[in-house]
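Every number in this text was worked out from the coordinates using simple rules, so none of it is lab data. None of the values given here were measured: they were computed from a predicted structure. Note that each Cβ is placed from the backbone with ideal geometry, even for glycine, and that neighbours are counted across all protein chains shown.
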Ligand code: F6P
C-alpha cells in the first residue's frame, strides 16, 4: 500500500500530533503518499481531507490537541455512513487508514475494515489508558502530570486551611488516571470504579486520621464513580469538616505533551505507517513491558483492560 490516510478521532490527547507527524514522515520517507483527514471520521464523510507534505506536520510535536481536529461522529456509526466514507476514500485512491483514538474510535475502525475490506491500523490515543492489550495510551502521561501539578497546588491551600481537598479526575469508566494521581500525589483516599467502597467508612477514616494528627487530606475521585461535587458534599456533612472540591475537567486533556508521550507516540506512528504500507490490517500498536507490540484489533475492542492491582495496593499502602 502506497497511499494512506491518517485521522484522529474521539477525545483528543496530548501526543496525537507526535503520532500523526510520525505517520506522515514515515510514509513520505518510504516513498508513499499520505492524506490528512480532518475532524475524525466526519472528515471522511464531508470530504475534508488533503494530501500532506513533511512541512504540513512541522511545528506540531510540542503542541497538545490534534492539528487534524477530531470529533465523535454519529453518521459514521451507521453502515451507510461507513460505506460513504469508504467511497470517498476510494475516490482519492486512499488504500488504508491509520486511526488514532480511544476504544470507541477503534471500534468504528474495526467496523469499517470488516464491512469494506479497507486495511486499518489503530493507535491508542486517549488520556484514559483504557485500551486493552497495551500498557500505554498516547496522552495519559501528560494528563497525569497535569493532574499532579494541580494536586501540588491544592495541597498548599488545603494544608494552609486544614481542609479536605476532593479532586475529581477524568478517565471515563477507568480508574487509571485516579490511581496514578493517588500514588504520585500522595492521596489519602482514591475512589475508582474498579473497586467497591463504602463512603461512610471513608468518612470515618478521614475523621480518625485528623484525630491522629493529620493536618489535611486529599481525596481523589475518578469520574467513573460519580460526581466529585456530590461526594465532597457527602463527606462534608458526614465528617463536619471543611471540604473543597475541584473538578479538573478538560484542563487534563490539553498541554504540551511530556517526553514520554512524544517519544512513544512517535514510535507508534512509525510502526503504524510501516505496518499499513506492508499490508497489515486490523492491528493496534501499543506497548508491553517497554516494547512496541501489535495487538489484534478485535481483541483490543472486545476485552476490558483491567487496572493493575499492584498499583491499587501501592496507593493504599502509602497512605
Ligand atoms: O476519553 C477521554 C475523556 O477525556 C474522558 O476522560 C472523559 O470522560 C471524556 O473524554 C470527556 O469527553 P468530552 O470531551 O466529549 O466531554
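Rounded to the nearest 0.05, what FRET efficiency do residue 291 and residue 83 give with R0 = 45 Å and r taken as the Cβ-Cβ distance? Could you check?
The computed FRET efficiency comes out at 0.75.
What whole-number volume per residue, in cubic angstrom, does the convex hull of the C-alpha atoms of the range 1-77 give?
In the range 1-77, the Cα hull volume divided by residue count equals 77 Å³.
Grab the alpha carbons of the range 14-55, take their convex hull, and tell me the volume per residue in Å³.
70 Å³
Only helical DSSP H runs with n ≥ 4 go in: add -39500 (n - 2.57) per run for the chain, normalise by residue count and round the 222 nm mean residue ellipticity to 500 deg cm²/dmol.
-13500 deg cm²/dmol
If you count, for each residue, the other Cβ atoms within 10 Å and average over each peptide, how do 93-102, 271-280, 161-170 line up from highest to lowest?
Highest mean packing first, the order is 93-102, 161-170, 271-280.
What translational diffusion coefficient, to the nearest whole µm²/s, does the range 232-276 have by Stokes-Einstein, given a Kirkwood radius computed over alpha-carbon pairs, a temperature of 25 °C and 0.890 mPa s viscosity?
171 µm²/s
Just to be sure I understand the model, the point goes 7 Å from the Cα along the line to the Cβ. What's the resulting residue 58 to residue 91 distance in nm?
With each label point 7 Å from Cα toward Cβ, the separation is 3.1 nm.
Over the range 99-200, what is the relative contact order in percent, taking alpha-carbon pairs closer than 8 angstrom and at least six residues apart?
With pairs under 8 Å counted, the relative contact order is 20 percent.
Does the range 267-318 classify as rounded, prolate or oblate by the C-alpha gyration tensor (a ≥ b ≥ c root eigenvalues; a/c under 1.5 gives rounded; else a/b over b/c gives prolate, otherwise oblate)?
It is oblate, given that a/c is not under 1.5 and a/b is not larger than b/c.
Based on alpha-carbon atoms only, what is the radius of gyration of the range 143-185 relative to the globular estimate 2.2 N^0.38 Å?
In units of the 2.2 N^0.38 Å rule of thumb, it is 1.17.
If you bin the C-alpha pair distances of the range 133-286 every 5 Å from 0, what whole percents do you get?
It works out to 2, 9, 17, 19, 16, 12, 8, 7, 5, 3, 2, 1, 0, in whole percents.
Could you work out how far helix 199-211 tilts from the main Cα principal axis of the chain, as a 0 to 90 degree angle to the nearest 10?
Approximately 50 degrees, to the nearest 10.
Limiting things to C-alpha atoms, what are the Rg and the maximum Cα-Cα separation (Dmax) for the range 1-158, in angstroms?
16.5, 59
Any idea what diffusion coefficient the chain gets from Stokes-Einstein, in µm²/s, Kirkwood Rh on alpha carbon pairs, 37 °C, 0.692 mPa s?
My calculation gives 161 µm²/s for D.
Quick one: compute the contact order of the chain, relative version, from alpha carbon pairs under 8 angstrom and 6+ residues apart, as a percent.
Here the relative contact order equals 24 percent.
Counting just the Cα atoms, what span does the range 225-311 cover along each of its three principal axes? Round to the nearest Å and put the largest first.
Over the range 225-311, Cα extents along the principal axes are 63, 30, 22 Å.
Per residue, how big is the convex hull around the C-alpha atoms of the range 42-100? Give it to me in cubic angstrom, could you?
It comes to 95 Å³ per residue, whole-number rounded.
Please find the FRET efficiency linking residue 159 to residue 227, where r is the Cβ-Cβ separation and R0 is fixed at 30 Å, and quote it to the nearest 0.05.
After rounding, the FRET efficiency stands at 0.75.
Compute the relative contact order of the range 188-300 as a whole-number percentage, counting only Cα pairs closer than 8 Å that sit 6 or more residues apart in sequence.
Relative contact order of the range 188-300: 17 percent.
Among 198, 135, rank each residue by its count of other Cβ atoms within 10 Å, from fewest to most, as a rough exposure measure.
Taking fewest neighbouring Cβ atoms as first place, the list is 198, 135.
Roughly how many whole Å is it from the C-alpha centroid of the range 144-183 to that of the range 234-261?
About 5 Å separates the Cα centre of the range 144-183 from the one of the range 234-261.
From the Cα gyration tensor of the range 125-205, with a ≥ b ≥ c the square roots of its eigenvalues, which class applies: rounded if a/c is under 1.5, or else prolate if a/b is larger than b/c, or else oblate?
It comes out oblate by the Cα gyration axes.
How high is the FRET efficiency between residue 74 and residue 244 when r is their beta carbon distance and R₀ equals 45 Å, given to the nearest 0.05?
0.75
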